[in-house]
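The structure under discussion appears below in the form of structure tokens.
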2 protein chains.
Amino acid sequence: MENFNAIPVFVAVAQQGGFSAAARELNISKSAVSKRITQLEEQLGVRLIHRTTRKLSLTEAGERYYEYSLQATRAAQQAEDAVGELQGDPRGLLRINAPMSFGRLHIAPLIAEFLQRYPHIQMDLVLDDNTLNIVEQGFDLAIRATRLPDSTLIARTLAPLRSVICAAPDYVFRTALTSPDSLKDENCLLYSYSADASIWAFSPQEQAGQTLQVKVSGNYRVNNSEALLSAILNGAGIGRLPSFAAAEYIRQGRLTQLFADYHMPVKTMYAVYPERHYMPAKVRAFLEFASEKLGKDTPHWDVGLF
Amino acid sequence: MENFNAIPVFVAVAQQGGFSAAARELNISKSAVSKRITQLEEQLGVRLIHRTTRKLSLTEAGERYYEYSLQATRAAQQAEDAVGELQGDPRGLLRINAPMSFGRLHIAPLIAEFLQRYPHIQMDLVLDDNTLNIVEQGFDLAIRATRLPDSTLIARTLAPLRSVICAAPDYVFRTALTSPDSLKDENCLLYSYSADASIWAFSPQEQAGQTLQVKVSGNYRVNNSEALLSAILNGAGIGRLPSFAAAEYIRQGRLTQLFADYHMPVKTMYAVYPERHYMPAKVRAFLEFASEKLGKDTPHWDVGLF
DNA sequence: ACTCTTAGTTGACTAAAACTCAACAATAGA
DNA sequence: TCTATTGTTGAGTTTTAGTCAACTAAGAGT
């Protein structure tokens, strides 16, 4: 571990993609960087960085070394932040993973105010529908519709996730829809990520016990709820949308909600984070901020609809 | 991150429990240690270590700082090991968690030869029946009878876990046992960790489908299978023991196996480890070594019994 | 209670790095 | 071909990390 203080230099080079760039970031001369790396390579007995004058690439050894040195620098930064948080406001890098659509529509708009309230927090928001490995990828928090069966993660309820069946007003005008059952004969657009994409379940508001399952089909299936929304707005068919995406348009009259007198299964949006001895203040701050802004029991987008 | 190279010093102090001890470990003078820590505390603006001349303790800030700095030093060490493994034999610290009894009886005896075969590996074996958080506690590998529903962990089968009903020969001599059902009236000693501690299930070897569940009871219950074994050896009653603990005594005639013509539910011992982009060679080496030594299909302790 | 021993701190001093600067070779792009 | 920029090298300097020795404090042993 003689190389301990070469680690931040190596990480900077790997991230910036060059010795000179790294030198600028670290506020030292490029020759200092060059020497540090050369010396590190000598001590390890391996070349970590393949140089071709203009372009850098990590060797296989470099890749592996980077994997862990990144962890090391992150941990060091967190150590500093942790003591900083003890006697001041939340600080440090906050890495959050959120689903694409929900993130764009309801998380992204919160960020500016959040960062204003907590000026020492730096945000790294990754919008991605894939379930990333929160621990390995170094996320502090993930926002997900499923609570994973992962013993090391804690899930906290953020908001209820309701679905609505809807279509463009003129599309509705052209068809005769009497009951959910008649959806079988309509062009139903599907959101590919949901597990039960093509089976839509209803229960009449009066008799909560009874459930009606309709197997629907149509000519369009897409993995992004905003893309689905846009197709429906343009009258391509009937869709089941999350209320967080559709509610606004329903209120505006640009979408017509169908079968509002039936209940549909309600899911939950969770905030998921790794169990820790001390929860970092920056994570706590975001959780409280988001819960408050979304409106826990009835989220703001559902007001007037549910 | 000016303090980066103070981190290993701080970790050494925290682990060794003193400035002088840390200085000895790091091969520097104690005044150097003192100055590094003092300077670190100045830069952070907090006292990390509470000194009372003879005894050290971490302040709250120190505790938090330690939590992350330990991660940082571990990651740095792993970075080194990772490149070392690329062009040589497996190396580095290998932290393994195993259940108490199984660990003592069948893992611990393997260690000496393993370390001899891989002289650059350093072993830290923690015998503990509690399910530790493998990621957070920095374990490379855990050996467990349950495969946790943790999405970030991989479980690999190590060996089948069979149970045997047994008692001391003179205890058997004094009682009249006809069928498993008669266990109801015997003094049955229980192992407290199993989920179904007091319900023993049997199925006749001929008719595999039929299952007989016997609810047993007795005057002793203990959470350590070796303690249970010793009570049974001394004639305290009848017990259901894992074959890995009992087999040797059955062969010696010091225990009598009962109802050998019945099958009992078979569990599995797994090796559990976190999913990684590259599996460290030291982990792979241990998995192969252990699998080979235990004897995968019929583990060596079951030879002649199953 | 009185040493004795060992702990952590402090200041002056030294050795060893870490860093800069300037000159240089190599190369991608204009 | 020329130019701008990159990474490397060697000499020189500054900073810093370290040692050493003296000092204070307090638990352990008798």
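The values are calculated or read from the model by the stated rules, or taken from the named source; none is laboratory data. Source: prediction; values computed, not measured. Don't worry about glycine lacking a Cβ; one is built from the backbone with ideal geometry, like all the others, and counts go over all protein chains shown. With ligands, DNA and RNA removed, areas are computed over all heavy atoms of the protein, side chains included. Shrake-Rupley method; radii C 1.70, N 1.55, O 1.52, S 1.80 Å.
To the nearest 0.05, how large is the calculated FRET efficiency for A:ARG51 and A:GLU275 if R₀ is 51 Å and r is the Cβ-Cβ distance? Plugging the Cβ-Cβ distance into 1/(1 + (r/R0)^6) gives 0.75.
If R0 is 41 Å, what FRET efficiency do you get for B:GLN122 and A:LEU287 from their C-beta distance, rounded to 0.05? Computed FRET efficiency for B:GLN122 and A:LEU287: 0.55. For chain B, DSSP calls about 70 percent of its internal beta bridges antiparallel. Judged by the ratio a/c of the largest to the smallest principal axis of the C-alpha gyration tensor, the protein assembly as shown counts as oblate, that ratio being 1.5 or greater while a/b is no larger than b/c.
Shown for A:ASN219: label points 7 Å from Cα along the beta-carbon vector, and their distances to the equivalent points in the other copies, 8.3 nm in ascending order. Across the identical copies, the label point of A:SER20 (7 Å from Cα in the Cβ direction) is separated from its matches by 5.4 nm, in order from shortest. Dividing the mean sequence gap of close Cα pairs (under 8 Å, 6+ apart) by how many residues the stretch B:4-84 holds gives a relative contact order of 27 percent. Each residue, A:LEU305 and A:ALA201, gets one label point 7 Å from its Cα in the Cβ direction; the gap between the two is 2.0 nm.
Excluding same-chain residues fewer than 8 positions from B:LYS282, which lysines have a Cα within less than 29 Å of its Cα? Reachable lysines: B:LYS267, B:LYS293, B:LYS296.
Charged side chains reduced to their Cβ positions (Lys and Arg at +1, Asp and Glu at -1) give the stretch A:163-265 a dipole of some 180 debye around its Cα centre.
The phi torsions of the stretch A:162-179, fed into the Karplus equation with coefficients 6.51, -1.76 and 1.60 and a -60° offset, translate into couplings of 9, 10, 9, 8, 8, 7, 5, x, 6, 5, 4, 4, 7, 10, 10, 9, 9, 9 Hz, rounded to whole numbers, with Gly and Pro shown as x.
Amide hydrogen proximity for B:LEU125: with H placed 1.01 Å from N in the peptide plane, the residues at 5 or more positions away or on another chain lying under 5 Å are B:ILE96. The separation of the stretch B:195-244 from the stretch A:256-306, counted between C-alpha centres, amounts to 48 Å. In summary, the lysines within cross-link reach of B:LYS184, defined as a Cα separation below 17 angstrom excluding same-chain residues under 8 places away, comprise B:LYS215. For A:ALA112, the distances from its label point to the matching points in the remaining copies are 7.1 nm, ordered from shortest, with each point set 7 Å beyond Cα toward Cβ. Only Lys, Arg, Asp and Glu carry charge here, each on its Cβ (+1 for the first two, -1 for the last two); on that basis the protein assembly as shown has a dipole of about 1000 debye about its Cα centre. Taking the centroid of alpha carbons for each part, the stretch B:138-193 and the stretch B:23-97 are 42 Å apart.
Partners of B:LYS30 within straight-line reach, counting lysines whose Cα lies under 21 Å from its Cα and excluding those fewer than 8 residues away in the same chain: B:LYS55. Among the trypsin sites (Lys or Arg not before Pro) in the stretch A:267-306, those located in a DSSP loop and surrounded by at most 16 other Cβ atoms within 10 Å of their own Cβ are A:ARG276, A:LYS296.
Rolling a 1.4 angstrom probe over the protein heavy atoms with all chains in place gives the protein assembly as shown an accessible area of 48 Å² per residue. What's the whole-number percent of alpha carbon pairs in chain A lying beyond 38 angstrom? Percent of Cα pairs beyond 38 Å in chain A: 33. Annotation note: GluC sites (Glu not before Pro) in the stretch A:217-283 located in DSSP loop regions with a Cβ neighbour count of at most 14 within 10 Å are A:GLU275. Once you order the gyration tensor axes a ≥ b ≥ c over the Cα atoms, which shape class does the stretch A:163-265 get: rounded for a/c under 1.5, otherwise prolate or oblate by comparing a/b with b/c? Judged from the Cα gyration tensor, the stretch A:163-265 comes out rounded (a/c under 1.5).
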